[in-house]
1. Quick one: in region 306-340, of everything that is exposed (fewer than 14 other Cβ atoms within 10 Å of the Cβ) and either polar (S, T, N, Q) or in a helix (DSSP H, G or I) (or both), which residue is modelled with the lowest pLDDT?
2. Confirm whether residue 187 is open to solvent by 10 Å² or more (accessible area, probe 1.4 Å), of a type in the set (D, E, K, R), assigned by TED's automatic domain parsing to the domain that holds residue 52 and near the ligand (Cβ under 10 Å from one of its atoms).
3. Looking at (1) open to solvent by 10 Å² or more (accessible area, probe 1.4 Å); (2) within 15 Å of the ligand (Cβ to nearest atom), can you tell me which one residue 106 breaks?
4. Report, by residue number, each residue of region 264-300 that is in a helix (DSSP H, G or I) and of a type in the set (A, V, I, L, M, F, W, C).
5. Can you tell me which condition residue 190 does not meet? The list is (1) within 16 Å of the chain's Cα centre (by Cα); (2) closer than 30 Å to residue 319 by Cβ, and all the others hold.
6. Report yes if residue 175 is within 13 Å of the ligand (Cβ to nearest atom) and more than 17 Å from residue 51 (Cβ to Cβ), otherwise no.
7. Residues being under 23 Å from residue 111 (Cβ atoms), more than 16 Å from the ligand (Cβ to nearest atom) and either modelled with pLDDT under 95 or crowded, with 19+ Cβ neighbours inside 10 Å (or both): count how many of those fall in region 50-76.
8. Only one of 273, 243 is of a type outside the set (A, V, I, L, M) and more than 18 Å from the chain's Cα centre (by Cα). Can you tell me which?
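The values are calculated or read from the model by the stated rules, or taken from the named source; none is laboratory data. Keep in mind the model is a prediction, meaning the values are calculated, not measured. Glycine also receives a Cβ, built like all others from the backbone with ideal geometry; neighbour counts cover every protein chain displayed. Calculation scope for accessible area: heavy atoms of the full protein, side chains included, ligands and nucleic acids excluded. Shrake-Rupley method; radii C 1.70, N 1.55, O 1.52, S 1.80 Å.
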Amino acid sequence: MKIIDLRSDTVTLPTQEMREAIYRADLGDDVFGEDPTTNRLEKMAAELIGKEASLLVPSGTMGNLVCVLTHCARGEEVILGDQSHTFLNEAGGMSTLGGIHPHILPNQPDGTIRLEEIAAAIRGDNVHFPRTRLICLENTHNRCYGSPLTPEYIDGVAELARRHSLSVHLDGARIFNAAVALGVNVKELTRSVDSLIFCLSKGLSAPVGSMVCGTSEFIAEARRTRKVLGGGMRQTGIIAGAGIIALEKMMERLKEDHLNARRLAEGITKIPGLSIDIERIKTNIIYFDLTSDRLKPAEFITQLGKKGIKLLGTGPSRFRVVTHYGIGSEDVDATLLALNQVMEEA
Ligand SMILES: *Cc1c(COP(=O)(O)O)cnc(C)c1O
């Protein structure tokens, strides 16, 4: 039985070309700055994203942590969304390891945080308060249905930050999905932020790795922070070789993932007992709800599992589905068929 794994775009396997690039990669010790393949990837990523420099890190989680720790000192404060991956799903790294205070504000359904709420949250100079240092945004916004933030919104937040001498960090784990969905050059989404990360290991299908991007000065500091966290690795060309293919070859096809997600979402609207807010589906992430009481959520997952479909439960009766390189148009058909069958059999 074919397994259709829709839990995340992190399940994507490296392409044949990536495996060959890994095999052939020129290698050296990256802690000495001597891995030629990693140096090439870092230069490529920085140029593509429109920043002076970049740094390979093992994961998006480490990338966000490296950036927050580089921007902030102990006792300082970060403003971020209450639905953000950094707040919800990164094990509280900023406070655990950095003594940094997260100040959460509500994410709107489109993944934005209202400018007036950010402005009101920025602390004045008062001995009682932590010092606000950084604002974090997320694009696309994972929990907010993979919603893409626009260049205008990001520029607006950055302008507010500048007025208060704050920095802006962007968790751009899926920044290329945002650029593709909005039809803009990715540089428009990054031009006004001080630092960002993006993942090679999600929709771009590389096996490992994320990139931290910023000014040369910031990246030099981030390199130290990465070392502190144990993220200084040796012959990283093994990882970077696949990362280069990810940047060269895998970006164009993200629109297929968005079309597949759209078609899957449209199919779900027609299935009795399931409910989906189709207007919110703009990239490769879908959330939908089980509204029928004929089937318990755990049973729903089990029944789909028996038909080879894997998805993620993210709430009492809410599920997440992510399309990616491993999911073709025929898999969308098979998934819709399985969903229909499971609901009919209930
Ligand atoms: C996946 C993800 C991360 C973290 O990436 P890992 O490589 O899994 O640590 C960060 N932010 C967002 C929005 C993500 O979806």
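1. Only one residue fits best here, namely 314.
2. Values: open to solvent by 10 Å² or more (accessible area, probe 1.4 Å): yes; of a type in the set (D, E, K, R): yes; assigned by TED's automatic domain parsing to the domain that holds residue 52: yes; near the ligand (Cβ under 10 Å from one of its atoms): no.
Here the answer is no, as residue 187 does not meet what is asked.
3. (2)
4. Within region 264-300, the first condition is being in a helix (DSSP H, G or I), and the residues that meet it are 264-269, 278-280, 297-300.
Listed by number, the residues that qualify are 264, 265, 268, 278, 298, 300.
5. Condition (2) is where residue 190 drops out.
6. No, not satisfied.
7. Result for region 50-76: 3.
8. Values: 243 fails: more than 18 Å from the chain's Cα centre (by Cα).
Only one candidate passes the filter, namely 273.
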